[in-house]
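Written out below as structure tokens is the structure these notes cover.
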Amino acid sequence: MQGSTFLNTKIEFLKGVGIAKAELLHQEFNIYTFNDLLYYFPYRHIDRSKMYQVSQLDDTMQFIQLKGTINNFKTIGQGAGARLVANFNDGTGSIELIWFQGQKWIKESILAGKQYVIFGKLTEFNRIFSMVHPSLEDPLQVDEKLYMKMMPLYNASEKAKKRGIDTKYLMKLLNTLLTDSRLIIEENLPDFIIKKYKVLSRKEAMLQIHFPQNFQILSEAEKRLKFEELFYNQLRILRYKLKRHTNYNGIKISKIGDLFNGFYKNNLPFELTGAQKRVLKEIRADMGSGKQMNRLIQGDVGSGKTVVALMSMLMAIDNGFQATLMAPTEILANQHYVTIKSLLANLPIKVELLTGSITKKNRRPIHEGLLNGEIHILIGTHALIEDAVEFKQLGIAIIDEQHRFGVEQRAKLWKKNEQPPHILVMTATPIPRTLAMTLYGDLDTSMIDELPAGRKPIKTIHKYDNNRLAVYGFIRNEINKGRQVYIVYPLIEESEKLDFKNLTEGYESICREFPLPQFAVSMVHGRMKAAEKDFEMQRFVKGETNIMVATTVIEVGVNVPNASVMIIESAQKFGLSQLHQLRGRVGRGADQSYCLLMTDYKISAEGKLRMKTMVETNDGFKISEVDLQLRGPGDMEGTMQSGVLDLRIASIIFDKEILEAARKEAQSILNNDNDLKKPEHLILNQYLMLYRKTNKWGAIS
Ligand code: ADP
Ligand code: MG
């Protein structure tokens, strides 16, 4: 595409930029080229197409524009509250203009009797209209093309604004760029798509997104650009999936052997749920297909993903391969290790644990055992990927994850191996469908949508801090019935001093309230050494302690079926998915379980909504939807770092329908032309290549 040459010009060469501003545009806006600027979309527009008169004003008006003179400066008040007030008159009446900042400069630079165009938010008090910090322009210098229309507003940091890059400056740059005769904005969607979805051309959309004629065409421009973005996002992901299928042969794991059968007959302590059986069948079909498996298992907390993981590993081992399971935390890795070892009792399978706290000396035999094939299953944390861990014949890698790896990061995992192992990703909590499509769009999905039989739904109650005595009474009662209790404190940043103080004070008051020898209390937090944590954890697992006071280190995956009460302190500090994860630590046995959310009275509206959602539903899918709405995709745990959701204009919350349509279209194109070689698809291929070059997606296909 030839148009890209001009758009690839470095931003310093645009009129009005220069070296210093370019530097700032790099740092603060990530704008390096003309093209980056083109894609720096405004966050909203204000309508400046009309010039009002003071006589027309009424108190329903918001942002308006007037033309007149400014006189009679007065300073009112003193100190921090001092403000400069002036009279604005346009011949039909007058309003007040008010400045809190830059008063001296305003007073000196505004000329009496001169005409100004003012723009700002109108406020009315006691029938007097006023405008605070209006934007001022000299009408003689106003470029009508720019100012008398819909005006774009661009985000700019305080730092950038101080150094001259504000919304107006950006608007000028975009105007310069968009009116340059050398600018070519080529179409990147085939004709048939443009017709089918009735979208604007790319060029028209780009012009209108920055400088629209009216709100109607603005929304057309948005629709077109959102579609384009999501369509290419899905085309890329789906093509990646397709290429992987055609380019890589998978390890063939087809035999169901003695280990799997022996485990099923003698070791499995319960009947599998229908959902677990179905998912195992899907996994078996994948691994036996001769293609590499890349599958996501979505299942709510407590739906029994671990045993599905284990049985998948057994399939691999029965066929002469090794297996590995990666967990997000050491505690969880430890626990998987303990659980899996006990589930495998008496079976001739060697399981090892590798985490950051395993010493060098103890690592060597593990490394050797993996290389010579003696070790069948390796369980661990991130350490097992980053280390130079080599297997004799790795057949399957399972990620029990909370980190939300994107497409690229996952690719790294298996590219280390010559022949890629089968990959199974298990989510810690369900994730909304749209997030799954963008984040895990390249994976096949299995759902464990059924909890083991006999589980009683957890009762969730929101309590204010002053009910604490009653809560203690409740705890005592449950312990007397033989149950165990978790009390979780927020310690989001393990270094936060105040949180830590709350935790230790909480622990002390719990110890006072539940004294030895009748009661025993454990404590686990992130500042403890792994061995200490493990020791305390084990005491609780074995039932030697009744209460576990902990931070979120126990959030994911910890499994103590006898624990029936989860108390979450300062619950308003936790996000929804975290609360749901924490709650999922109870309700794992046959007894009625409870989750108590403790907050004080000062709780934000959003906080209240989170508590309400938790009290109302146990359904992880519903909770994840609310979570996504409340926090936005960027803040959903782990997605930020993964950088997969760097969508510039589309939103996976508000543009669900466009996303669905885009995915469907991308899929149907690939279904009948998987190489994108047909003439009408050439444009897609070209744009994908261009995208790859400029956005460094090279690693993925
Ligand atoms: P998660 O999906 O949250 O990882 P786990 O795998 O930790 O859930 O399982 C939760 C609990 O349910 C464990 O105690 C496990 O032994 C038990 N469990 C799993 N599957 C079944 C089943 N089919 N019937 C009864 N209990 C089960
Ligand atoms: Mg789990």
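Values as computed for the structure displayed
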read-out	value
Subset tally (residues that are under 23 Å from His367 (Cβ atoms), touching a helix residue (DSSP H, G or I) at 6+ places or on another chain (Cβ under 9 Å) and within 16 Å of ligand 2 (Cβ to nearest atom)) for the stretch 336-354	3
Selected residue [more than 24 Å from Lys533 (Cβ to Cβ), among the basic types (Lys, Arg) and assigned by TED's automatic domain parsing to the domain that holds Ser312] from Lys360, Lys350	Lys350
Pairs, first closer than 20 Å to Arg583 by Cα in the stretch 299-314, second within 6 Å of ligand 1 (Cβ to nearest atom) and in a helix (DSSP H, G or I), C-beta under 6 Å, six or more apart	Gly299/Lys305; Gly304/Gln276
Residue, modelled with the highest pLDDT, within the stretch 413-439, restricted to residues that are within 18 Å of Val301 (Cβ to Cβ) and in contact with a Leu (Cβ under 6 Å, 6 or more places away or on another chain)	Val425
Unique residue being away from ligand 1 (no atom under 14 Å from the Cβ), more than 31 Å from the chain's Cα centre (by Cα) and part of a strand (DSSP E or B) when the list is Glu374, Glu352	Glu352
Among (1) on the phi < 0 side of the Ramachandran plot; (2) in contact (Cβ under 8 Å) with a residue 12 or more places away in the chain; (3) within 16 Å of ligand 2 (Cβ to nearest atom); (4) not charged (D, E, K, R) - the single one Leu378 does not satisfy	(3)
Residues located in the stretch 357-373, provided they are at negative phi and surrounded by 14 or more Cβ atoms within 10 Å (Cβ to Cβ)	Ser357, Ile358, Arg363, Ile366, His367, Gly369, Leu370
Total residues in the stretch 231-286, condition aromatic (Phe, Trp, Tyr), within 30 Å of Leu688 (Cβ to Cβ) and part of a helix (DSSP H, G or I)	3
Residue selected from the stretch 291-343 under the condition away from ligand 1 (no atom under 14 Å from the Cβ) and in a loop (DSSP other than H, G, I, E, B), by the criterion nearest to the chain's Cα centre (by Cα)	Met293
Residues of the stretch 47-58 classified as out of contact with any Ser or Thr (no Cβ under 9 Å at 6 or more places or on another chain) and surrounded by fewer than 17 Cβ atoms within 10 Å (Cβ to Cβ), total	6
Qualifying residue in the stretch 264-285 (condition: touching a Phe, Trp or Tyr at 6+ places or on another chain (Cβ under 9 Å), in contact (Cβ under 8 Å) with a residue 12 or more places away in the chain and either assigned by TED's automatic domain parsing to the domain that holds Gly587 or more than 16 Å from ligand 1 (Cβ to nearest atom) (or both))	no
Residue count for the stretch 327-352, restricted to those that are hydrophobic (A, V, I, L, M, F, W, C) and surrounded by fewer than 22 Cβ atoms within 10 Å (Cβ to Cβ)	8
Among the candidates Ser495, Ser509, residue that is modelled with pLDDT under 95 and within 14 Å of Glu569 (Cα to Cα)	Ser509
Which numbered condition Tyr264 misses (of (1) away from ligand 2 (no atom under 16 Å from the Cβ); (2) under 18 Å from Pro421 (Cβ atoms); (3) of a type in the set (Ser, Thr, Tyr))	(2)
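The rows are residues; the columns are (1) β-branched (Val, Ile, Thr); (2) surrounded by 22 or more Cβ atoms within 10 Å (Cβ to Cβ); (3) within 16 Å of ligand 2 (Cβ to nearest atom).
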{"site": "Leu235", "(1), (2), (3)": "no, yes, no"}
{"site": "His245", "(1), (2), (3)": "no, no, no"}
{"site": "Arg278", "(1), (2), (3)": "no, no, no"}
{"site": "Glu282", "(1), (2), (3)": "no, no, no"}
{"site": "Ser303", "(1), (2), (3)": "no, yes, yes"}
{"site": "Val308", "(1), (2), (3)": "yes, yes, yes"}
{"site": "Ser312", "(1), (2), (3)": "no, yes, yes"}
{"site": "Met315", "(1), (2), (3)": "no, yes, no"}
{"site": "Leu325", "(1), (2), (3)": "no, yes, yes"}
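The values are calculated or read from the model by the stated rules, or taken from the named source; none is laboratory data. Because the structure is predicted, anything quoted here is derived from the model rather than measured. In this analysis, Cβ positions are derived from the backbone assuming ideal geometry, glycine residues included, and neighbour counts consider all displayed protein chains.
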